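Readers should treat all values here as calculations from the given coordinates under stated rules, not as data from a laboratory. Everything numeric in this text was worked out from a predicted model, so none of it was measured. Every residue, glycine among them, receives a Cβ derived from its backbone with ideal geometry; neighbour counts consider all protein chains shown.
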Amino acid sequence: MKLAGKVAIVTGGARGIGSGIAKAFASEGANVAIADLDYEGALAASMKFGESAFAIKADVSIKIDVETMVKSVIKKYGRIDILVNNAGIQTVMPFLDLSRKDWKRVLDVNLSGAFLCSQSVAKEMIRKRINGVIINISSIHGYIPRSTKLHYDVSKAGLIMLTKETALELAPYHIRVNCIAPGIIDTPMNQELLRDPEKRKMIEQRVPLEKIGSADDVARAALFLASDDSSYITGAALPVDGGLSLNYNGLKPVGSS
Ligand code: NAP
């Protein structure tokens, strides 16, 4: 059991990638707090893991929610070893039409949420002298530009720098901070796009490993970064994208048909 005795918080853990990470951590012995805007979803997800999980309603963009989340995990389990900043939202809008409201909401959830959770949890880890782990879920679009998702992509680029700078500042406390940059993963966030068989096939053809990723693909990388298997890694951004970021312009790799 790679995470026996550990306590983890997974934000946005009610479904999709977060739910996959919660499952992977619980199956390796961790107690997992599933924090989500969607309390019913978090409760349903937590019930799959019996005693080793519990649900918390929290909006990661609201400081008081984050503080209450941290307090309730401490009250239940007495410690926090792992934080996964996974909660995220996206909307589609060309730059020239993007409203201040949409810009702010996406940045508030995706970037400020990770900042608030990291700060609050890191203080607890330091107070209890825990060699903790923080994992941020960014995206390959934190470094590959495209159209109509400027606000989302800027938030994901910010998460990569948040990872590097918090890794530096928290290293003296033996807290490691890394991030995962997923490519296209089959989750409810992408449901509309992937439901269309033609679009799905087009996407699959652009991925060098010729398939769309699953929440379990990301969860296995998160498990690696959460466990002692990665004990000398901090400040890294790990792509989990089947090679998509190597081939984003859609050219087939040399030698392929
Ligand atoms: P998802 O299926 O939409 O799940 C996201 C979860 O986060 C939902 O349960 C959602 O609750 C929750 N959430 C949203 N806003 C929140 C907030 N303010 N506070 C707490 N929870 C909140 O998304 P996903 O595809 O699993 O994505 C998970 C993370 O991976 C996101 O950060 C996303 O940007 C990133 N990512 C995903 C992909 C992909 O292809 N799927 C690729 C790269 C990166 P509600 O249902 O109530 O909104």
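Considering only residues that are within 11 Å of the ligand (Cβ to nearest atom) and buried (at least 24 other Cβ atoms within 10 Å of the Cβ), which ones fall in region 26-44? Passing the criteria: Ile34, Ala35, Asp36, Ala42.
Would you confirm, using the coordinates I've provided, whether Val66 is part of a helix (DSSP H, G or I), over 15 Å from Ala222 (Cβ atoms), β-branched (Val, Ile, Thr) and within 11 Å of the ligand (Cβ to nearest atom)? Spelling it out, Val66 is indeed part of a helix (DSSP H, G or I), over 15 Å from Ala222 (Cβ atoms), β-branched (Val, Ile, Thr) and within 11 Å of the ligand (Cβ to nearest atom).
Can you tell me which residue is surrounded by the most Cβ atoms within 10 Å (Cβ to Cβ) among those in region 115-146 that are aliphatic (A, V, I, L, M) and within 9 Å of the ligand (Cβ to nearest atom)? Can you show your working first?
Step one: filter region 115-146 for residues aliphatic (A, V, I, L, M), giving 116, 121-122, 125-126, 130, 133-135, 137, 140, 144.
Filter once more, so that each one left must be within 9 Å of the ligand (Cβ to nearest atom): 137, 140.
On the way: Ile137: 28, Ile140: 21.
Ranking the qualifying residues of region 115-146, first place goes to Ile137.
Report yes if some residue within region 154-170 is over 13 Å from the mean Cα position of the chain (by Cα), surrounded by fewer than 14 Cβ atoms within 10 Å (Cβ to Cβ) and under 23 Å from Ser227 (Cβ atoms); otherwise report no. Yes, region 154-170 contains at least one residue that is over 13 Å from the mean Cα position of the chain (by Cα), surrounded by fewer than 14 Cβ atoms within 10 Å (Cβ to Cβ) and under 23 Å from Ser227 (Cβ atoms). When Pro94 is tested against (1) surrounded by 13 or more Cβ atoms within 10 Å (Cβ to Cβ); (2) more than 19 Å from Gly18 (Cα to Cα), only condition (1) is not met.
Out of the residues in region 8-62 that are acidic (Asp, Glu) and not in a loop (DSSP other than H, G, I, E, B), which is nearest to Arg79 (Cα to Cα)? Walk me through how you get there before you give the answer.
As a first pass, look at region 8-62 and keep what is acidic (Asp, Glu): 28, 36, 38, 40, 51, 59.
With the extra rule that they be not in a loop (DSSP other than H, G, I, E, B), the set shrinks to 36, 40, 51.
On the way: Asp36: 19, Glu40: 25, Glu51: 16 Å.
Selected residue: Glu51.
Contact annotation: residue pairs with Cβ atoms under 9 Å, 6 or more positions apart or on different chains, pairing a residue in region 120-144 that is acidic (Asp, Glu) with a partner that is buried (at least 21 other Cβ atoms within 10 Å of the Cβ), are Glu124/Val70; Glu124/Val73; Glu124/Ile80; Glu124/Gly132.
Here Ala55 fits the description: touching a Leu at 6+ places or on another chain (Cβ under 7 Å) and more than 11 Å from the ligand (Cβ to nearest atom).
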